[in-house]
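Here is the structure we will look at.
The values are calculated or read from the model by the stated rules, or taken from the named source; none is laboratory data. What you see is a predicted model, and the numbers here were worked out from it, not measured in a lab. As a convention, Cβ positions derive from the backbone with ideal geometry for all residues, glycine included, and neighbour counts pool all protein chains shown.
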Amino acid sequence: MPETLAYQDIDVGWQFPGPKVAVSREMIKEFAAASFDHNPLHWDDDYLAETTFAGHKKFDDVIAHGLMTYAIMTRAMTDWLWPDVGEHRRLETRFRQPVYPGDEIEVRGQVVDKRETKQGRWLVCALTVTNQRGETVATGDALAELLA
C-alpha cells in the first residue's frame, strides 16, 4: 500500500490496512526452519494430544509462532512506510489467542497520536490482528518516524 504522505497529511484516527494472510501448516513449518524454533507446539500432533498447558489449556491443533504474527504486523508497518513515507521504529505486541493452520489473519492499523520533537516527526500507531471469525488474536503499539 505505498502511499506518499507527509506528517501534516495524517491526522489522529487515520487508518491503514495491513496484509491478509492465510496461515497453513507449511507456513508454520517454514517459519520454524527460518527461526530455528522447533518447539513441538508448532508441529507435533501427538505432543499436543498428550500435553495439558497452564490452566488446563489444550490447543485444538498446532499453533503458529507468535513471532510469525509479529512479523506480519511488522510487514503492515513497512508496507505502508517504506521506502517513501518513513521508518518503522518500534513494535510492542500482545498475543491474545492462538493462530491455527487454516486461519486467515488480517492486520489493521490506526494512528492514535502524533508527536513532533527536535529529533523527528513521530506517529504512534495501534495495530490489531483478527482472524476470519473477527476474533482479536494480537494487538500492538508501534512507532513510526516520518521523513517529511
| Quick check: is even one residue across region 101-119 at pLDDT below 95 and touching a Lys or Arg at 6+ places or on another chain (Cβ under 7 Å)? | no
| task | Examine region 72-94 for a residue that is acidic (Asp, Glu), closer than 12 Å to Phe16 by Cβ and in contact (Cβ under 8 Å) with a residue 60 or more places away in the chain, and state whether such a residue exists. | result | yes
| Can Leu127 be described as farther than 16 Å from Ala22 by Cα and over 9 Å from the mean Cα position of the chain (by Cα)? | no
| message | Being within 30 Å of Ala148 (Cα to Cα) and loosely packed, with under 15 Cβ neighbours inside 10 Å is true for just one of Val124, Val85, Val112, Val107. Which residue is that? | response | Val112
| query | Which ones in region 23-36 are touching a helix residue (DSSP H, G or I) at 6+ places or on another chain (Cβ under 8 Å) and exposed (fewer than 15 other Cβ atoms within 10 Å of the Cβ)? | reply | Ser35
| query | Name the residues in region 97-126 that are under 30 Å from Asp44 (Cβ atoms) and part of a strand (DSSP E or B), would you? | reply | Glu104, Ile105, Glu106, Val107
